[in-house]
Structures are given as C-alpha cells and as structure tokens.
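The values are calculated or read from the model by the stated rules, or taken from the named source; none is laboratory data. The structure displayed is predicted, hence computed values, not measured ones. Positions of Cβ are backbone-derived with ideal geometry, glycine not excepted, and every protein chain shown enters the neighbour counts.
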Amino acid sequence: MLKQTFFFVIFLLLFSDSSQAPRDDIPGSRALDNFPLIDGHNDLPFNLYTILQNKIYNFSFDADLSEDPLFGSNCSSCFTDLVRARQGKLGAQFWVAYVSCNPVNYNTTVSRSVEQVDVIRRLIAKYPNDLEFVTTADGIVDAFKEGKIASMIGLEGGHSIDSKMSLLRQYYDMGVRYMTLTHSCNLPWADASPVDDTAPVVNLTEFGKKIVLEMNRLGMMVDLSHVSHGVMVEAIETSKAPVIFSHSSAYSVYAHHRNVQDDVLEKVRENDGVVMVNFYSAFIGQGNVTIDDVVKHINHIANVSGVNHVGIGSDYDGVSSVPKGLEDVSKYPDLFDLLKSSNPDVWTIENLEKLAGRNLHRVFKAVEAVRDQLRAELPDENIIPPEDLENGEEDPGEEDPGEENPGEENPGEENPGEGDGDPQPPEGGSGGAVRVFAHVLSAVVLAAVIISL
Ligand SMILES: [Zn+2]
C-alpha cells in the first residue's frame with residue numbers, strides 16, 4: 001500500500017504541469033525574486049553614529065545581530081543586519097544620512113551630515129560581496145542581477161544643506177540621490193508636518209521652490225516625507241519631475257500629520273510619483289498594530305493613487321516600535337505573501353513587483369530624464385533672502401510625542417550614544433568664536449524648535 005502510494009505521488013509529480021497551477025498559488029514574495037525590493041528608508045547609519053560613533057571596523061553587519069549586546073535585543077531601534085536582510089529578500093536600500101534638526105546642533109549639522117554620508121559609503125565598501133554603492137536607477141537593477149543589495153544614500157532633512165544651493169550640489173556629488181525637504185523642524189524656506197496640527201508658517205517659500213528646481217536640475221529626487229501638507233502640494237506643483245515620499249503612510253487610515261492625505265495621494269498619481277509606506281507603529285494605528293494594519297495603508301494608497309504609486313519605506317532603525325509580523329528586515333516576504341493571499345485580484349505578481357521596486361525605479365528614471373533635459377541650465381547661485389530668515393524666526397514649533405528619529409535631545413532614549421551631549425565634541429567647542437558662530441547660525445537659520453521626541 002505504501003509502495004502504491006509512493007508511485008501514485010511520483011505519477012502526480014511527473015504529470016502535473018505546474019505552469020497550469022492557478023496564479024493564486026504562487027506566493028506573493030515571488031515578486032521579490034523578479035525585481036529588487038527597494039526600501040526607501042533605513043536609519044541604520046544613525047545607529048552607527050549613536051552606538052559606535054561611526055567606528056565600524058568591529059561592527060559585524062554580516063552576522064545575525066538579533067542577540068548582539070549593542071545592536072540586538074537591548075536596542076529598541078535596531079532591526080537590520082545582512083543575514084536578516086538576505087532572508088527578507090531586500091534588493092535595494094536607501095541608507096539615510098540623518099542628524100537631528102535640534103537648533104543646539106546647528107554648528108555641527110553640516111559636518112555631521114557629511115560624516116553620515118561618509119559612514120554609509122564606508123559601510124558599503126566594507127561589504128563588497130553584499131552591498132554595492134549605486135547612484136543611478138539602472139545601477140539598482142545591475143546590482144540585483146549580481147546578487148548584491150543596491151545601496152543608495154538619502155539625506156533626511158533640508159537642515160543639512162544650511163539653506164545653501166552649493167551644499168545641495170555637493171551632497172549630490174557625494175552620492176545623495178534624494179533629499180527629504182525637512183525633518184521635524186520648520187526651516188526658513190519650508191514647513192514641517194507638525195504645523196498641520198496648528199497652522200502653516202511659510203509653506204514652501206520662493207527660495208524653497210528654487211531648491212526643488214535645483215534638485216530637478218541635479219537629478220536628485222524630491223522627498224516629501226516629513227513636510228507639511230501645504231509643502232507637499234506646493235512642491236508637487238513646483239517640481240518638474242515625479243516626487244517621492246521615502247517613508248510615509250496614509251492619513252485616511254490613521255490620522256497622523258506624518259501620513260499623506262488623500263488630496264495629495266491624488267496629486268501623486270498626476271505627478272507619477274510614489275508613496276513608500278512607513279512601518280512605524282505610531283504612524284500605522286493605535287494599540288498593538290500588526291502587519292494587517294500595514295496592509296490597510298498599502299491598499300488605501302493603491303486605491304487612491306493607484307498601484308503604480310505605492311512602495312515600501314520601512315523606516316527600520318529610525319523608530320522604536322514596529323508592527324507584529326514585521327519585526328525586522330527579514331519579514332518583507334511575509335508582507336508580500338499576505339497582500340497576495342488576501343487580495344489576489346489587485347496584488348498580482350506584476351503589481352507586487354511594482355510595489356516592491358518598479359514604481360520607485362520608474363520615478364528615479366524619470367528624475368534622471370528631467371536632469372538630462374535641463375542639462376543646459378546653469379547651477380542656481382541664489383542665496384536665501386532675509387525675509388525667509390525672518391519667517392523662520394517666528395516658527396512656534398511644538399513638541400510631538402509620535403515622531404521617529406528620537407535624536408540626541410533625548411537623554412535616556414534608545415540611542416545611548418547620544419545622551420545629553422555629543423559623542424563627537426565640536427572642534428574648539430569652548431571657543432567664543434564658535435559660540436558666536438553658533439549663535440549667528442541659530443539666528444540665521446531659525447529658531448526652529450525641537451519637534452521630535
Ligand atoms: Zn523620518
């Protein structure tokens with residue numbers, strides 16, 4: 001009997017044609033084998049700064065760090081290593097250069113932002129078999145074909161350019177391929193999302209619009225995560241290229257100012273941009289949120305903007321809590337499997353490839369095409385006008401308990417390297433000239449107030 005059963009099974013295996021299997025039997029995560037999963041936002045570099053002060057020679061990124069004393073269970077904002085990224089079929093990652101926009105750091109904002117770019121590039125170079133430094137859309141696909149995780153750089157927050165076109169250009173030359181216009185602080189030329197709970201201050205000033213256009217000219221993607229609703233609208237109307245939201249979810253599913261409202265989702269469709277869904281529990285819902293809640297955000301954006309305009313921007317390592325079922329970078333396949341099994345009509349393999357990476361890849365290509373069209377334009381030499389600086393100084397700001405990237409202003413928070421001081425003392429930190437410089441910069445840039453935790 002056993003023998004008969006055995007041969008019957010062999011018979012079935014031989015003569016059943018797997019290509020005839022219903023499409024729904026194919027797991028959704030198969031999409032991640034076909035096209036690279038491009039995650040729009042991972043803050044590991046901020047952890048490298050806060051935990052290791054960017055000293056990475058003893059950092060074992062190619063080990064499973066889930067039990068590591070520094071990057072494992074003791075770290076509430078650590079979700080990333082290469083072992084789990086490979087399990088998670090991560091195909092490409094925007095590693096984020098971020099420093100807090102806290103005004104007390106203005107004298108070191110630019111230098112530390114450059115240091116974050118440096119540590120990202122050194123990390124990529126340290127793991128040449130796993131990571132490949134990429135600055136073009138096609139480079140993402142090429143790295144994927146070589147079995148490597150395409151590694152790009154995103155700059156989180158316009159405070160890092162100190163309102164200077166020259167610095168924007170230099171970041172591009174260093175390899176930065178998107179800039180989030182703001183973090184949680186209002187800038188002299190753009191409002192951050194917390195003003196949506198109060199009132200706009202400046203929206204996007206004329207100088208802010210020039211920054212957007214200079215990004216178009218350079219071929220740097222305009223990232224509208226973190227900006228206010230008014231800035232989202234004005235930036236989309238200004239930009240000659242599609243925009244991205246590197247890590248933002250849907251406001252109609254969960255009303256948080258960091259999420260994207262439906263009227264903007266409709267504009268993203270017209271703009272041909274992409275909204276990459278953030279996994280941070282505090283943006284996804286209330287209470288014990290799960291992978292199912294993330295699916296709701298993805299489905300909503302797919303409904304309103306269309307399946308051509310949704311992507312993944314996990315925010316791993318920039319947040320302190322993630323949904324059940326998406327505990328770390330190994331879990332992306334579960335999300336794609338769940339999307340397909342729960343809604344197979346919408347989430348075909350073809351559409352899951354769009355969600356995974358084809359949409360961001362299309363936007364990146366379009367941004368490069370606009371850059372090529374603008375080749376004859378000269379670099380913008382404008383400097384920020386005095387009236388913008390006055391606007392900035394009037395910014396009231398506001399505390400916000402539901403923000404990611406806790407930053408150095410939070411002693412006792414999950415980024416132990418930060419505490420109430422800077423692990424990298426500013427050079428000549430006790431000098432009066434530095435204090436005057438810091439004071440002038442503070443006055444000049446604005447009296448922006450700490451908004452994140
Ligand atoms: Zn962020």
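Structure values in brief
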read-out: Filter pass, Phe71 being assigned to a loop (DSSP other than H, G, I, E, B) and surrounded by 20 or more Cβ atoms within 10 Å (Cβ to Cβ); value: yes
read-out: The stretch 370-392, residues that are surrounded by fewer than 11 Cβ atoms within 10 Å (Cβ to Cβ) and modelled with pLDDT of 95 or more; value: Asp372, Arg375, Ala376, Leu378, Glu381
read-out: Leading residue by the ranking (nearest to the ligand (Cβ to nearest atom)) among those in the stretch 217-234 that are assigned to a helix (DSSP H, G or I) and in contact with an Asp or Glu (Cβ under 7 Å, 6 or more places away or on another chain); value: Val231
read-out: Filter pass, Asn107 being in contact (Cβ under 8 Å) with a residue 12 or more places away in the chain, over 17 Å from the mean Cα position of the chain (by Cα) and within 16 Å of the ligand (Cβ to nearest atom); value: no
read-out: Any chance Ile149 is within 16 Å of the ligand (Cβ to nearest atom) and on the phi < 0 side of the Ramachandran plot; value: no
read-out: Matching residues, the stretch 147-166, being among the polar types (S, T, N, Q) and either under 20 Å from Gly357 (Cα atoms) or assigned to a strand (DSSP E or B) (or both); value: Ser151
read-out: Helices (runs of 4 or more DSSP H) within the stretch 235-353 that include 2 or more residues surrounded by fewer than 24 Cβ atoms within 10 Å (Cβ to Cβ) and more than 16 Å from the ligand (Cβ to nearest atom); value: 262-271, 291-304, 332-342, 349-353
read-out: Residue match in the stretch 144-152 (condition: in contact with a His (Cβ under 7 Å, 6 or more places away or on another chain) and either at pLDDT 95 or above or farther than 30 Å from Gly91 by Cβ (or both)); value: no
read-out: Residue match in the stretch 163-175 (condition: in contact with a strand residue (DSSP E or B) (Cβ under 8 Å, 6 or more places away or on another chain), aromatic (Phe, Trp, Tyr) and within 16 Å of the ligand (Cβ to nearest atom)); value: no
read-out: Cβ-Cβ under 8 Å pairs, at least 6 apart or on other chains, the stretch 29-45 side within 15 Å of Thr80 (Cβ to Cβ) and within 16 Å of the ligand (Cβ to nearest atom), far side modelled with pLDDT under 95 and not charged (D, E, K, R); value: Asp43/Asn405
read-out: Qualifying position, being among the polar types (S, T, N, Q), out of contact with any helix residue (DSSP H, G or I) (no Cβ under 8 Å at 6 or more places or on another chain), in contact (Cβ under 8 Å) with a residue 24 or more places away in the chain and within 20 Å of Phe364 (Cα to Cα), among Ser281, Ser305, Ser239, Ser246; value: Ser246
read-out: Of all residues in the stretch 178-194 being outside any loop (DSSP other than H, G, I, E, B) and in contact (Cβ under 8 Å) with a residue 60 or more places away in the chain, the one that is nearest to the ligand (Cβ to nearest atom); value: Thr180
read-out: Which numbered condition His257 misses (of (1) farther than 18 Å from Asp39 by Cα; (2) out of contact with any Asp or Glu (no Cβ under 7 Å at 6 or more places or on another chain)); value: (2)
read-out: Selected residue (criterion: nearest to Asp328 (Cα to Cα)) from residues of the stretch 80-104 that are assigned to a loop (DSSP other than H, G, I, E, B) and within 16 Å of the ligand (Cβ to nearest atom); value: Thr80
